[in-house]
Amino acid sequence: MAQNDLTLDTITAFAKRRGFIYPSSEIYGGLAGIYDYGHYGILLKNNIANAWWKSMVRDRDDVVGLDSAIFMHPLTWKASGHVDSFNEALIDCKSCKQRMRADHLLEKYSINADFMPLDQINAELNKLRDQNQLKCQFCGNKELTEARQINQLVRTNLGVPTKQLQEMSEEDIVYARGETCQGIYLNYKNVIDTMRVKLPFGIAQIGKAFRNEVIARQFIFRTREFEQMEMQYFLAPEMMQEKYEEWKQTRWNWYLEVLGLPEEKLRWKKHDKLAHYAKEAYDVQFNYRSLGEFAEIEGIHQRGDWDLSQHAKYSGQNLEYFDQKQNKRFIPHIMETSGGLNRMVFAVLDAAYTNEDLGEGKTRVVLKIKPALAPVKVAIFPLQKDEKLQGKAREIYLDLRSEFQSEFDDSGNIGKMYRRQDEIGTPACVTLDYQSLEDNMVTVRDRDSMKQERIAIGDLKQYIWNKINA
Ligand code: ATP
């Protein structure tokens, strides 16, 4: 298989087979748009999240962290506009019964339906229908339903329900948050009062978000439960453009240097249509081989003073900032960097998955992931089933695992052991043989070059650190 032929089925099956990502509730037939992360999946996801936290919070003086609750006062979502306008229009094919997002379908005809009201969407669809152009993107049939809208907020209730679900009114409903940033806005005042921050400053958080996505058939790209990594930067409006450019550059570099994604697979997408409060918005898009297209991984958006003004209005609280130098009160403006953790995991897997031709009809699957992100950093194998050798290998393993995520494997078949580690992207494999008992040297094999070298056991930790930091 050539490198470029990665399909969605291949990466989905691989992720399951190698313990990265499982479809949720599989024994009950699954639950559409929901996935679980296995051992290697959560190790990878945590490594990405920790790398983000390090560069967004730990390495900066101007950003503080937050972990706000998934449930918020229901008025939050009224104030943010989600209750009234967080909608998606969908269309069904009358023949193959596949469901499509109206904006995605219209995009195929070069019509941008961002922020388009439902009646206009249907008018555009009708025009295409009259021209005999409108057809199902799956089966080509021309019988499609009218577009209809659903709200994407996930509704539930808290406490002891006194009514049946269908009898509940707006007041009984709480929402599973549709985006993590609202928790940041609601805590802006707490942060100002407790954290000695001054404008400009940011609040960062990693957490789950929930959306009733109409279409959820692109593996972990679009799911109904997902994780966002968001940073909201509060500033005086006159600083917006300068800081916006800075953050765009910072985030771009992060994708190259920390996630290790190839630059030619990344691009900026400028929003042609903006929310009424926004001034400028760009998305970072990644070219997913298995989706066959560039798709959004993170949004970097200017949001003006809309969010805090809305929450001030609905809560009745004063959310102004007092600038001592200028002796002036104002509502800070906000720019955000809003990325999807799951889409990053997907991008890393998609870019790293390699089916390598080894010649003589042999191939291997290897995950050429950045060593710093690899779920397992080192694997230790005793070459023979010998008590002394196994004991020494285990001793090394226990020592290494205090510093690195490590694995011990004495199942015996060296070819299989290497293959397993290649597939999960382990940068270094260490083998011990009888000679090791004599000279305290081990053989280290590099994942990518498959080159082997003898090194002293005492140098192993430094060798692995060098790989991680390379
Ligand atoms: P899209 O246009 O793809 O639906 P969006 O513009 O609605 O995404 P935002 O609301 O800007 O997305 O959310 C910020 C980030 O959260 C996105 O860049 C993406 O990485 C992630 N994200 C949004 N929706 C989902 C989802 N359903 N599944 C996984 N990640 C998501």
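Values in this text are rule-based calculations from the coordinates and carry no lab data. As the structure is a computational prediction, the values presented were derived from the model and not from experiment. Every residue, glycine among them, receives a Cβ derived from its backbone with ideal geometry; neighbour counts consider all protein chains shown.
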Original post:
Karplus couplings for region 97-114 from phi (6.51 cos²θ - 1.76 cosθ + 1.60, θ = phi - 60°), rounded to Hz, Gly and Pro as x?
Top reply: 6, 6, 9, 10, 7, 4, 5, 5, 5, 5, 4, 5, 9, 6, 10, 8, 9, 4
Original post:
Taking the Cα centre of the chain as the origin and placing charges on Cβ (Lys, Arg +1; Asp, Glu -1), which of Leu66, Ile468, Leu105 is farthest toward the positive end of the dipole?
Top reply: Leu105
**OP:** Report, ordered by chain and residue number, the aspartates and glutamates lying within cross-link reach of Lys97, taken as a straight Cα distance under 15 Å and ignoring same-chain residues fewer than 8 apart.
**Re:** Glu143, Glu146
Subject >> Rounded to the nearest 20 debye, dipole of the chain from Cβ charges on Lys, Arg, Asp, Glu >> reply: 340
Original post:
If we count other beta carbons within 10 Å of each Cβ, what is the order of Lys208, Lys45, fewest first?
Top reply: Lys208, Lys45
**OP:** Restricting to region 376-469, compute how many DSSP beta bridges are antiparallel as a %, nearest 5.
**Re:** 55
Original post:
Quick one: net charge of Lys189's neighbours, Cβ under 15 Å, K/R +1, D/E -1?
Top reply: 0
Original post:
If the cut-off is 19 Å between C-alpha atoms, which aspartates and glutamates fall inside it for Lys243, apart from same-chain ones fewer than 8 positions away?
Top reply: Asp59, Asp61, Asp62, Glu230, Glu280, Asp283, Glu298, Asp305, Asp307, Asp323, Glu336
Subject >> Rounded if a/c under 1.5, otherwise prolate or oblate - region 87-151, Cα gyration tensor axes >> reply: oblate
Original post:
Going by how many other Cβ atoms sit within 10 Å of their own, how do His301, His271 line up, fewest first?
Top reply: His271, His301
Original post:
What residues have an amide H closer than 5 Å to that of Gly304, excluding those fewer than 5 places away on the same chain, when H is modeled at 1.01 Å from N in the peptide plane?
Top reply: Lys279, Ile334
Original post:
What does the charge add up to near Phe330, with Lys and Arg as +1, Asp and Glu as -1, over the other residues with Cβ less than 13 Å from its Cβ?
Top reply: -1
Subject >> Those lysines that a straight Cα-Cα span of less than 18 Å connects to Lys313, excepting residues fewer than 8 apart in one chain >> reply: Lys78, Lys189
**OP:** Indicate the gyration tensor shape class of region 376-469 (rounded, prolate or oblate), computed on the Cα atoms with a ≥ b ≥ c the square roots of the eigenvalues: a/c under 1.5 is rounded; otherwise a/b larger than b/c is prolate and the rest oblate.
**Re:** rounded
Subject >> Of Lys135/Lys273; Lys368/Lys451; Lys388/Lys467, pairs whose Cα-Cα distance is over 18 Å >> reply: Lys135/Lys273; Lys388/Lys467
Subject >> Placed amide H near Thr426: partners under 5 Å, 5+ positions off or other chain >> reply: none
**OP:** For a footprinting-style exposure proxy, rank Trp254, Trp77 by other Cβ within 10 Å, fewest first.
**Re:** Trp254, Trp77
Subject >> 5 angstrom amide H check on Asp36, placed H, neighbours 5+ away >> reply: Tyr22, Ser24
Subject >> Karplus (6.51, -1.76, 1.60) ³J(HN,Hα), θ = phi - 60°, over region 277-293, in Hz, Gly and Pro reported as x >> reply: 8, 8, 9, 8, 8, 10, 10, 8, 10, 10, 8, 6, 4, 6, 9, x, 7
**OP:** Count the net charge of all other residues whose Cβ sits under 11 Å from the Cβ of Gly41, scoring Lys and Arg as +1 and Asp and Glu as -1.
**Re:** +2
